[in-house]
Structure formats: structure tokens, C-alpha cells
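Okay, structure first, notes after.
Just so you know, all these numbers are worked out from the coordinates, no wet-lab data involved. Keep in mind it's a predicted model, so treat the numbers as computed, not measured. Ideal geometry is used to build each Cβ from the backbone, glycine not excepted, and the neighbour counts take in all protein chains shown.
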Amino acid sequence: MGKPYGRSCVLITGATTGIGYELAKLYAKEGNNLILVARDEERLSEVKEELDLYNIKVYILPLDLSEDNSCEKVLDFVNKKNLSVDILINNAGIGSFGYLSEIEIEKELKLIDVNIRALTELTKMFLPTMISHGEGGIMNVASTAAFCAGPKMATYYASKSYVLNFTEALYEELKGSEIKVSCLCPGPVKTSFQEKSGIKKNEAAKKALMTPKEVAEIAYKDFKKGKLIIIPGFKNKLIILLNKLIPRALSRKIILFMNKG
Ligand SMILES: NC(=O)c1ccc[n+]([C@@H]2O[C@H](COP(=O)([O-])OP(=O)(O)OC[C@H]3O[C@@H](n4cnc5c(N)ncnc54)[C@H](OP(=O)(O)O)[C@@H]3O)[C@@H](O)[C@H]2O)c1
């Protein structure tokens, strides 16, 4: 928008449902052009149609981020359309549930590809342009799971610990620059994520979930302020604080008990 490089955009992965979709709406309302990535092409078109009403440019890119070369396809798309990713939101993420000995390895590897590899690769791809422009922002979506080990969801919890540590390190590397770096760590949110991941929660736990709209609004505001770790909701902040105070062995036992349902 009036800058000597390609059209400024906010790139959001996993923007068709849940937190990513709510973030897309917030950025659209503010007048930002968007690049939306997810697998479901039909749903991407529906979201585009809805957000076109805000008089912005909405680019959609149907892509499975677990596939080889998927991030290169994102970069190709951005370059061919002469776009510039000023804000990158690595939101797409998948879960898996069960004892590691019983889950298919393909599922775990896909999870690592989406939650870790694609997030790292996209960050690495778009960071140099942000540095050369002297501004930008990266928001990576982790989870409260990032703060502990998660028996029965071992790979998922570990993937989110990676996201948190990776983002914290990046924040330190970029301190003093005009590039904002945040890690969003939501607790349970009312999206299709739980069901898709095969997580069974009891009724009490279901009531404790925040809505994706609430989470996105907090994330949007705190990211703008340049807050490094964003934990939406008082209960989630308290749980993380308590978890830090108890021995890790006890934390693991509590999480296994909860995950046994
Ligand atoms: N819901 C929770 O309780 C919760 C709690 C803490 C953290 N989180 C994190 O929040 C983030 C968003 O989750 P959500 O709750 O909003 O879940 P969601 O409603 O299931 O949304 C996930 C989004 O990611 C996309 N996606 C999934 N796999 C993909 C792939 N292989 N390639 C490209 N896009 C893919 C989905 O679209 P397609 O299916 O069309 O690809 C969808 O747009 C995730 O990183 C999740 O780990 C969620």
C-alpha cells in the first residue's frame, strides 16, 4: 500500500476455521490484504467471498502444509503475484491423541510437518524481506500444552514446546528491530480441532473452552502491543503458573490422568 515493494499482505495459515478464520476477519476489518492458506478449496472460496466485502484483496492458496515443497509453493505464489508478506501468522496446526505405541507413525510425522517444519520454513522464508523492509510481524500459534509434557498427546505437546522455544529465541534475535514476534498459547478452544484430533473431553472440560473469537481478539490486540507470550484467559494463565510451581513429575501425572478422561 504505497510502498516501493509488492502489495502488503497478512498471510494466515489455517484461515478457514477456528482461530485462524477469526484472525482473518479482524485483519480484513482493519483493511489489510490477506493471503489465506488451508487445504479445503471450497471453504477458502467461501471465506474469500465473505472477506471481499471489506474492500481488500483476498488471495487464497489451497495447500496441504504437511506435503513436501508446500512452503516453496507459498513463496512462489507470493512472488508471482508480486505480494509482500508483512505479517505472517503460522496458525495451522493438527493434533493427535493416544499412546505413542498405538498411534500410526504417519499421523505423528504429518503433525511434525505442519506444526514444526512448515512453521519454521515459512518463518525463514519471509523474515529476510521483513528485515530488509525494516518492519513486520510473526505470530506463531502454540498452546498451553507448550509448557509441559503431555502423556497420550506426546508429539503434539512436544511440537508446541518447540513453537514456544523457537518463537522466544526469534524474539530475542529481533529485539531492537521493528519486527514484532509473538507466541499465542491458547488453552482449550471451541473449534473442530479437539474432535479432529480425537480428543474426548468430559462435560466440565467442554464448558471451560473459550471461543475462537475471544482468543483471536486477545491475540490481535496483544500482538499489536508486541507482547511475546500471549496466554488468553485468566484460568489458562493460572494453570500455567501452577504448573510451573509443581514438580514436573506431578505435572505429567496430572496430564495423563486428565487425558485418560
Ligand atoms: N482448539 C484448541 O483447543 C486449541 C488449543 C490450543 C492451541 N490450538 C492451536 O490453534 C491453532 C488453530 O487451531 P483451531 O483450534 O483453530 O483448529 P481448527 O478449527 O481445526 O483450524 C485448523 C486450520 O488449519 C488448517 N489446516 C489443518 N491442517 C492443515 C494442513 N495440513 N495444511 C494446511 N492447513 C491445514 C485447517 O483447514 P483445512 O482443514 O482446510 O486444511 C483450518 O483452517 C492450531 O495450531 C492448534 O494447535 C488449538
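For the chain, what does the helix formula give at 222 nm: sum of -39500 (n - 2.57) over DSSP H segments with n ≥ 4, over the residue count, nearest 500 deg cm²/dmol? Walk me through the numbers before you get to the answer.
Working: 11 runs with 125 residues, N = 261.
Computed ellipticity for the chain at 222 nm equals -14500 deg cm²/dmol.
How much length would be gained if the chain were fully extended between Asn82 and Lys190, taking 0.36 nm per residue of separation minus their Cα-Cα distance, in nm to one decimal?
Values: separation 108, 0.36 × 108 = 38.88 nm, distance 3.63 nm.
The span from Asn82 to Lys190 would gain 35.2 nm if fully extended.
Fully extended, how many nm does the chain gain between Thr211 and Arg252 (0.36 nm per residue separation, minus their Cα-Cα distance)?
Result for the pair: 12.1 nm of gain on full extension.
P(r) for the range 166-261: what percent of alpha-carbon pairs falls in each 10 Å bin, starting at zero?
Percent of Cα pairs in each bin: 14, 36, 35, 14, 2.
How would you order 241-253, 115-127 from highest to lowest mean count of nearby Cβ atoms within 10 Å?
115-127, 241-253
Subtracting the Cα-Cα distance from 0.36 nm times the residue separation, let me have the gained length for Leu100 to Thr129 in nm, one decimal.
Gain in length upon complete extension: 6.5 nm.
Return the loop-located chymotrypsin sites (Phe, Trp or Tyr not before Pro) in the range 1-89 (DSSP other than H, G, I, E, B) with at most 12 other Cβ atoms within 10 Å of their own Cβ; answer none if there are none.
Tyr5
What does the charge count near Lys57 come to, summing +1 for each Lys or Arg and -1 for each Asp or Glu among other residues with Cβ under 11 Å from its Cβ?
+2
Determine the alpha carbon to alpha carbon distance for each of Lys152/Lys244; Lys196/Lys221; Lys160/Lys200; Lys73/Lys152; Lys180/Lys253 and list only those over 30 Å.
Over 30 Å apart, Cα to Cα: Lys73/Lys152; Lys180/Lys253.
Under 9 Å from the Cβ of Lys213, count the other residues' Cβ atoms, weight Lys and Arg +1, Asp and Glu -1, and hand me the total.
Neighbour charge sum, excluding Lys213 itself: -2.
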